[in-house]
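Data block below; observations after.
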Amino acid sequence: MSRRFGLPPARRMLASGVVVVMLALMLAACGKKGAPQPPPGVPNTYPRSYPSE
């Protein structure tokens, strides 16, 4: 049993899992939310339509 980090192995695995999940959620939040839309009440004055991708 290694006491290098001062935590028991099961607790160290749990802490590592929590860190991995938090990093995955942060990366997932960086994705595209949808097609851009002009603000409400403001006409679309862009000379062409927005690309869908």
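The values are calculated or read from the model by the stated rules, or taken from the named source; none is laboratory data. Note that the coordinates shown come from a computational prediction; the quantities given were computed from them, not determined experimentally. For neighbour counting, all protein chains shown are included, and Cβ atoms are generated from backbone atoms with ideal geometry for every residue, glycine included.
Here are the numbers for this structure:
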quantity: Top-ranked residue of the stretch 2-17 - restricted to ones that are on the phi < 0 side of the Ramachandran plot and surrounded by fewer than 10 Cβ atoms within 10 Å (Cβ to Cβ), ranked as modelled with the highest pLDDT; calculated: ALA10
quantity: Criterion violated by ALA24 - all others in (1) surrounded by 10 or more Cβ atoms within 10 Å (Cβ to Cβ); (2) small (Gly, Ala, Ser); (3) modelled with pLDDT under 85 satisfied; calculated: (3)
